Amino acid sequence: MDGQRILCRLDDVPDGGAIAVPVDSATGGFELIVLRAGRRVFAYHNECPHAGRALDYVPGRFLVKDGRITCAAHGATFAVDTGACVGGPCRNGLLAVPVSVLADDAVAVVGVP
Ligand code: FES
C-alpha cells in the first residue's frame with residue numbers, strides 16, 4: 001500500500017519490550033527500535049543523542065522497564081511513548097518515526113513517500 005512500509009508484526013515485539021528492525025534506504029539503510037506497550041507501538045532511530053551509539057546492549061536487545069528505555073552505553077534514559085530524554089547524560093530525545101498498527105496487526109511506518 002502506498003505511504004506505508006511494513007516493519008514487523010505486532011506479535012514480533014514483546015509487550016513492554018523492544019526489537020531492532022533494519023530499514024533499507026537509498027543511503028545505505030539504518031536501524032529502528034520498535035517498542036510496544038499493549039497495542040501501542042513506537043519507533044525511534046537506534047542512535048542515542050548523547051554520543052551517537054546504538055542503544056542495545058547486544059544487537060537487538062534493549063533495556064526497557066517501566067515505560068523507559070535506557071541506552072546501554074552510558075545510561076541515558078528515554079520515555080518509551082515520546083522518546084524524550086528523562087534521565088542520564090542526554091539533552092535531546094530520540095528521533096521518532098511515525099508508526100501504526102494496521103488492521104491485520106502489521107506494524108508500519110506511515111507517511112512514506
Ligand atoms: S551514547 Fe547513549 S548514553 Fe551515551
* **Cross-chain or 6+ apart pairs with Cβ under 8 Å, segment 69-96 first and of a type in the set (Lys, Arg), then in a loop (DSSP other than H, G, I, E, B) and surrounded by 16 or more Cβ atoms within 10 Å (Cβ to Cβ)** => Arg91/Pro49; Arg91/His50
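Scan segment 53-80 residue by residue and report those that are on the phi > 0 side of the Ramachandran plot and more than 9 Å from the ligand (Cβ to nearest atom). Show your work before the answer.
Keep residues of segment 53-80 that are on the phi > 0 side of the Ramachandran plot, which gives 60, 66-67, 75.
Within segment 53-80, Gly60, Asp66, Gly67 qualify.
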* Val107 fails exactly one of the following numbered conditions: (1) crowded, with 20+ Cβ neighbours inside 10 Å; (2) out of contact with any helix residue (DSSP H, G or I) (no Cβ under 8 Å at 6 or more places or on another chain); (3) closer than 20 Å to Val13 by Cβ; (4) touching a residue at least 40 places away in the same chain (Cβ under 8 Å). What is the number of that condition? -> (2)
* Within the bounds of segment 41-52, is there any residue that is surrounded by fewer than 14 Cβ atoms within 10 Å (Cβ to Cβ), of a type outside the set (Asp, Glu), modelled with pLDDT of 95 or more and within 16 Å of the ligand (Cβ to nearest atom)? -> yes
* Asked: Quick one: how many residues across segment 9-29 are closer than 15 Å to Val97 by Cβ, at pLDDT 95 or above and either charged (D, E, K, R) or more than 16 Å from the ligand (Cβ to nearest atom) (or both)?
  -> 4
* Structure fact -> Note on segment 81-97: residues hydrophobic (A, V, I, L, M, F, W, C), within 14 Å of the ligand (Cβ to nearest atom) and outside any strand (DSSP E or B) are Cys90, Leu94, Leu95
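The values are calculated or read from the model by the stated rules, or taken from the named source; none is laboratory data. Since the model is a prediction, treat every value here as computed from it, not as a measurement. A quick note on method: Cβ atoms are made from the backbone with ideal geometry, for glycine too, and the neighbour counts reach across all protein chains shown.
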